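Comments concern the structure below.
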Amino acid sequence: MNYFLEKKFIKFKKELDFNKLSSLMSDNNFQSKVISIYKPDYLLDSIFQIRNIQDEEFFTQVYNQMNHMFNKENKRTTLDLFFSYMRGARGDAHRDQESVHIMGAYGRTLYFIDNEEIILERGDRLFIKKSIKHRAIGLTPRIILSFGSYDDY
């Protein structure tokens, strides 16, 4: 199977919402970028990415848990955060170069994989094998974490 959904996989010890996200952005020097602009004149309808958040104290436990559970071969891994403020924010269908475990942290996200629809909610984990085409659409404002493992060493 190219993907696997596990409902209620993780219980976050602390609430992650847009207020907490704003504080984390203020207190850290994260790399961030707009990865999808759905409506060019409506920037807040975009999807934003914060790279390599695994060293920030708020996310370290999740990252370590994911490494312990899903990185038995000691591959290179990262933890990124994606968010969108508006329902309907969507990215292009794409294929990742790494296998990803996507965890819902806030809101609801609809994923299209292999002509199927999967809804990811807070605490859920969606595993997608590398190179599998998928697309995400925010059903609500949303925050997701993406734990990626690479085959490059």
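Bear in mind these aren't lab numbers, they're just calculated from the coordinates by the rules spelled out. Predicted model only: the values in this text are computed from it and were never measured. Ideal geometry is used to build each Cβ from the backbone, glycine not excepted, and the neighbour counts take in all protein chains shown.
Values as computed for the structure displayed
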| item | result |
| --- | --- |
| Reach of Lys75 by Cα under 24 Å, taken over lysines that are not fewer than 8 positions away in the same chain | Lys129, Lys130, Lys133 |
| Value at 222 nm in deg cm²/dmol, rounded to 500, when DSSP H runs of n ≥ 4 in the chain each add -39,500 (n - 2.57) | -5000 deg cm²/dmol |
| Projected label distance in nm at Tyr85 and Ile119, using a 7 Å step from Cα toward the beta-carbon | 2.6 |
| The chain - charge dipole about Cα centre, Lys and Arg +1 at Cβ, Asp and Glu -1, debye rounded to 20 | 280 |
| Full-stretch length increase - Ala93, Ser32 - with 0.36 nm per residue and alpha-carbon distance subtracted | 19.9 nm |
| Residue exposure sequence - Met86, Met1 - by fewest surrounding Cβ within 10 Å | Met1, Met86 |
| Given charges at beta-carbon only (K, R positive; D, E negative), |dipole| of segment 68-153 in Debye | 160 |
| Near-label residues of segment 126-153 by backbone N, under 14 Å of a point 7 Å along Cα→Cβ of Met25 | 142-144 |
| Under DSSP loop assignment and at most 14 Cβ neighbours within 10 Å, longest GluC sites (Glu not before Pro)-free interval of the chain | 74-153 |
| Sites Tyr42 and Thr78 - FRET efficiency at Förster radius 35 Å, r taken between beta-carbons, to 0.05 | 0.75 |
| Gained length - Gln65 relative to Asp17, 0.36 nm times residue gap less alpha-carbon distance | 15.2 nm |
| At most 12 other Cβ within 10 Å, DSSP loop - chymotrypsin sites (Phe, Trp or Tyr not before Pro), segment 7-92 | Tyr42 |
| Relative exposure of His134, His94, His68, judged by other C-beta atoms within 10 Å (fewest first) | His68, His94, His134 |
